[in-house]
Amino acid sequence: MGKNVTITCFTIALCLIIFAGCATTKSTSPDVLVDNQQIITAVNEAALRSDCDTLFITCIDYRYAAANQDFINETLKLKDNYDHISIPGSIYNFINPETRDLVFSKFALSVSLHLINRVVVISHKDCGAYGGSVSFGSELSEYETICSDLRKARALLIEKYPTLEVTLFLESLQQDGDTVKVNFEKIL
């Protein structure tokens, strides 16, 4: 019995030490929820309206995220005038009958709430949803497959929403000296 009491006391003491240590240790993490911080950013007045012109559908791939935002905001000059749906394998999930309804449900919400009149679909090479570039066997096969899938997605969108303008882009990573850049190619 003495051994059980010792083990129990030791376990309670250890739990109290761990709890006290956790309760008094301040996190060095910049996570805003850890220290109950609030971050406030200004909103452009143009973004306060209830509609926007364009909906972008992109893949979640981190390699393209910043370039997509720059392309949308700076190149296409649509800052504060678009919705953005980012899903794994964007175009692959759009043409896949098993996942199409999920994508369309998110899409329909944006169209009805924000009066979307244009959709821009951006797909990329080396997409994990397809199994990456290696699954195609050649660069030409990958290019032709993704371009074909982009066109199928446009047809599906126009079939469901005949008044929408649908623009397609294929993006790829390109080495430029020591820098890797994202190339956007408009697909007709």
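The values are calculated or read from the model by the stated rules, or taken from the named source; none is laboratory data. Keep in mind that what you see is a predicted model, and the values were worked out from it rather than measured. Please note: Cβ atoms are built from the backbone with ideal geometry, for glycine as well, and neighbour counts cover all protein chains shown.
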- Task: Restricting attention to segment 88-111, report how many residues are of a type in the set (A, V, I, L, M) and in contact with a Cys (Cβ under 7 Å, 6 or more places away or on another chain).
- Result: 0
- Item | Selection from segment 94-116 of residues that are of a type in the set (Ser, Thr, Tyr), within 17 Å of residue 165 (Cα to Cα) and under 18 Å from the mean Cα position of the chain (by Cα) | 110
- Query: Name the residues in segment 72-94 that are surrounded by fewer than 18 Cβ atoms within 10 Å (Cβ to Cβ) and assigned to a helix (DSSP H, G or I), would you?
  - Reply: 73, 74, 75
- Task: Mind counting the residues in segment 152-162 that are exposed (fewer than 14 other Cβ atoms within 10 Å of the Cβ) and modelled with pLDDT of 90 or more?
- Result: 4
- Can you spot a residue in segment 102-116 that is modelled with pLDDT of 90 or more and not in a helix (DSSP H, G or I)? no
- Would you mention how many residues in segment 143-165 are under 20 Å from residue 60 (Cα atoms) and touching a Lys or Arg at 6+ places or on another chain (Cβ under 6 Å)? 0
- For segment 106-127, pairs from a residue that is crowded, with 17+ Cβ neighbours inside 10 Å to a residue that is in a helix (DSSP H, G or I) and among the aliphatic types (A, V, I, L, M), with Cβ under 7 Å and 6 or more apart or across chains, are 119/157; 121/91; 121/150; 121/153; 123/91; 123/146; 123/150; 125/146
- Task: With respect to residue 50, determine if the residue is farther than 15 Å from residue 115 by Cβ and modelled with pLDDT under 90.
- Result: no
- For segment 137-168, which residues satisfy the criterion of being under 16 Å from residue 75 (Cβ atoms) and in contact with a helix residue (DSSP H, G or I) (Cβ under 8 Å, 6 or more places away or on another chain)? 168
- May I ask you to list the residues in segment 90-105 that are over 17 Å from residue 119 (Cβ atoms) and among the polar types (S, T, N, Q)? 96, 99
